[in-house]
Ligand code: ZN
């Protein structure tokens, strides 16, 4: 069951949130009825790489889209030269309604939220168990962003040969998050089947800061595409060097992996506690007794009584409060 805390079709320009479904849809433009449908794979220097059927074309936003953005994962309608031939440039005339939007701000004080990825349904948070040390605060912040966007989180723990996963998994056990634990041999031998299993039929965005092995992992996951030149066909280059996310098909067309640029921070300016608590169905009813705009970490918060009455586990409330508190803390704390 998907839940979205916020109209996912909103753009990355900061606007007053509209009540879900109340945003008027732009009328269909009959002149673009014959537009081809595609998916944005990456954005490179303002040019969007769009997959249409089995070829990649380069496109730019049509003027009529105004400030509306098209981001990786977006389903778009494209007109113009669709051959994909060198030096051709098609136009994106419509961005279809988004199922989900993963956002971040550069930092917590930044009022401008950026759409990182559209239409993902899973967020893989890649964390090394050592070298570099795990950063639980960053994991928490990624989780908050996932819950806010209605994405199911997946913890991918790497380098288990250097340090065991037990302590970290204990921390996240109350949240009931799916996880996979891998070691460096898994990467080297391509033994990433247990992760691939979790990605089947889904669109999974991968986040993680540098050094955790995210890109190595993504490369291993899409190995067969690379071997057949698929990645080159997608980006037009051997190596992806832009700051944009990059969507890559999994072998057998059984889902998508979206590699995002390494994150050092995950600004949460845009997060609303009432949206995050949607992902805690055992606690959410208890919040009905909370004061208006409750932070869920204040004396009058009704969740304490809710837990004391046995409606939910104390560890769940503790975890929710820890997640919500990440908005008030710097990541290094
Ligand atoms: Zn409360």
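The values are calculated or read from the model by the stated rules, or taken from the named source; none is laboratory data. These figures come from a predicted structure and were not determined experimentally. Using ideal geometry, Cβ is built from the backbone for each residue, glycine included, and neighbour counts are taken over all protein chains shown.
Worth pointing out:
- Among the residues of the stretch 150-167, those that are within 17 Å of the chain's Cα centre (by Cα) and touching a residue at least 40 places away in the same chain (Cβ under 8 Å) comprise 150, 151, 154, 156.
- Residue in the stretch 11-19 that is modelled with pLDDT of 50 or more, within 22 Å of residue 146 (Cβ to Cβ), part of a loop (DSSP other than H, G, I, E, B) and in contact with a strand residue (DSSP E or B) (Cβ under 9 Å, 6 or more places away or on another chain) present: yes
- Reported count of residues in the stretch 318-329, each being in contact (Cβ under 8 Å) with a residue 40 or more places away in the chain and more than 10 Å from the ligand (Cβ to nearest atom), is 7.
- Which numbered condition residue 257 fails, given (1) under 30 Å from residue 50 (Cβ atoms); (2) in a helix (DSSP H, G or I): (2)
- Residue check for residue 265: at pLDDT below 85 and either in a helix (DSSP H, G or I) or within 16 Å of the ligand (Cβ to nearest atom) (or both): no
- Conditions (1) closer than 28 Å to residue 57 by Cβ; (2) in a loop (DSSP other than H, G, I, E, B): number failed by residue 163: (1)
- Selection count where residues are at pLDDT 85 or above, in a helix (DSSP H, G or I) and either within 16 Å of the chain's Cα centre (by Cα) or surrounded by 20 or more Cβ atoms within 10 Å (Cβ to Cβ) (or both), scope the stretch 197-220: 6
- Members of the stretch 268-282 found to be under 20 Å from the mean Cα position of the chain (by Cα), outside any helix (DSSP H, G or I) and within 16 Å of the ligand (Cβ to nearest atom), listed by number: 271, 272, 280
- Residue in the stretch 301-311 that is within 15 Å of residue 148 (Cα to Cα) and part of a loop (DSSP other than H, G, I, E, B) present: no
- Among the conditions (1) out of contact with any helix residue (DSSP H, G or I) (no Cβ under 7 Å at 6 or more places or on another chain); (2) crowded, with 17+ Cβ neighbours inside 10 Å; (3) modelled with pLDDT of 95 or more; (4) assigned to a strand (DSSP E or B), residue 43 misses just one, which is (3).
- Candidate set from the stretch 61-78 (those that are assigned to a strand (DSSP E or B) and modelled with pLDDT of 95 or more); member that is nearest to residue 116 (Cα to Cα): 75
- Cross-chain or 6+ apart pairs with Cβ under 7 Å, the stretch 290-304 first and in contact (Cβ under 8 Å) with a residue 24 or more places away in the chain and under 16 Å from residue 327 (Cβ atoms), then near the ligand (Cβ under 7 Å from one of its atoms) and outside any loop (DSSP other than H, G, I, E, B): 296/287; 296/303
- Within the stretch 283-317, the set of residues being within 29 Å of the chain's Cα centre (by Cα), within 14 Å of the ligand (Cβ to nearest atom) and under 20 Å from residue 175 (Cα atoms) comprises 283, 284, 285, 286, 287, 295, 296, 297, 303, 312, 316, 317.
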